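The values are calculated or read from the model by the stated rules, or taken from the named source; none is laboratory data. Predicted, not measured: the structure shown is a model, and the values here were computed from it. Here the Cβ positions follow ideal geometry from the backbone for every residue, glycine too, while neighbour counts run over all protein chains shown. Areas reflect the complete protein model, heavy atoms only, side chains present, ligands, DNA and RNA absent. Shrake-Rupley method; radii C 1.70, N 1.55, O 1.52, S 1.80 Å.
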Amino acid sequence: MLSRNSFRRDFWFILSASIAWGTVGVANQAIYAHTTNALSLAFFRLAIATPLFLIACSKLLGRRLWQIKPRDLLIMILMGGMQALYQVSYSAAIAYTGVTISTLIALCVAPVIVALCSTFLMREHLTRSTLLALVLALGGTVLLVAARSHPQQASVSLLGIGLALLAAAGYAFFILLGRLFSTGYHSVQINFVAFGTGALLLLLFSTSTPLVVTYPLNDWLLLLYLGCIPTALAYALFQAGMRSISATMASIITLCEALTAALLAWLIFHEELGIFGILGALLLVGSMLILIYRK
């Protein structure tokens, strides 16, 4: 019973994280109405989240915060590099390929990479129910994103596709590396090192693309929200949820980000979901039900 309860608790942790990530697009769209750039948004998300992780570590762990094996520290730093790679590559891909294609590749390729690596390298057992959930979730994500596409987003370039694939790889390996520490370290401890590293790397990128640091008060409040909720809180929940959830299942659950984004766009911006969007939403919900009731 304890194992079943732990699984359901961690399932809801990761689902809550993916729902929080689904709000990022709405917040970004509001900030983009003023002068900013993708690198600045990514940097402030990580830069605001890092001290929050440090405060949480100090409260929860005390001096144990610094008790990290050298090899594990290097892997956590590598996780930060993967997070920075994902943020920069995805933002750059949008400029070349548009939101629709970039989102499809970044969201849909990552779970496939995770499933392949987990099965053949980490020896995780891929059950039939998990495979079915993966297929349904990928199909639902494709339908949801395609339903929100616009004709002017049809321009595609090989460079943009390559950048989107790079973003998917960065996101996938962030999940896979995080799975290595699912029980050995506290989630806030892992994320403090990873996100601190990511913020420093993005700061280095700003030498070629200057950061925008002047915003109206409302935009600063949105930046604070982005750093606190869909970054600090969501990634802490996500990492904690991987204690009893496989990397493949975690990557499938995160696809609910697309469902949250679509529903918010429908509620706030009155975007049409259409028959394909509704079908995609049902497929995603179906995949979640398969995962949570599989035991």
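Overall size of the stretch 120-230 from C-alpha positions, given as principal axis extents largest first: 51, 47, 28 Å. Think of each Lys and Arg Cβ as +1 and each Asp and Glu Cβ as -1; about the Cα centre, that makes the dipole of the chain roughly 1100 debye. With the convex hull constructed from alpha-carbon coordinates only, the stretch 45-125 shows a mean projected area of 7.6 nm² over all directions.
With the alpha-carbon atoms as the only input, what is the per residue convex hull volume for the stretch 1-159 in Å³?
Details: hull volume 28.5 nm³, N = 159.
Value for the stretch 1-159: 179 Å³ per residue.
Here the alpha carbons of the stretch 144-295 define both size measures, Rg and Dmax, at 18.1, 51 Å. Rank 157, 40, 182 by mean-square fluctuation in a GNM of the chain with C-alpha springs under 10 angstrom and give only the top-ranked residue. Looking only at 157, 40, 182, the biggest GNM fluctuation is shown by 157.
For residue 159 and residue 125, the FRET efficiency from 1/(1 + (r/R0)^6), where r spans their Cβ atoms and R0 equals 41 Å, is about 0.60. Counting Lys and Arg as +1 and Asp and Glu as -1 over every other residue whose Cβ lies under 15 Å from the Cβ of residue 197, the net charge comes to 0. Within the chain, the selection of entire DSSP H helices by a Cα span of 20 Å or greater along the long axis and an average Kyte-Doolittle value of at least 0.5 returns 38-60, 70-97, 99-120, 128-147, 158-179, 187-205, 274-292.
Here the Kirkwood formula puts the hydrodynamic radius of the stretch 1-80 at 16.0 Å, using every distinct Cα pair. Accessible area per residue for the stretch 1-135, computed on protein heavy atoms with a 1.4 Å probe, is 50 Å². Here the stretch 74-116 and the stretch 273-289 have alpha carbon centers that stand 23 Å from each other. Among 74, 108, 28, which residue has its Cα positioned farthest towards the positive end of the charge dipole of the chain, with +1 placed on the Cβ of Lys and Arg, -1 on the Cβ of Asp and Glu, and the dipole taken about the Cα centre? Toward the positive end, the furthest listed residue is 74. Accessible surface ranking for 122, 288, 1.4 angstrom probe, highest first: 122, 288.
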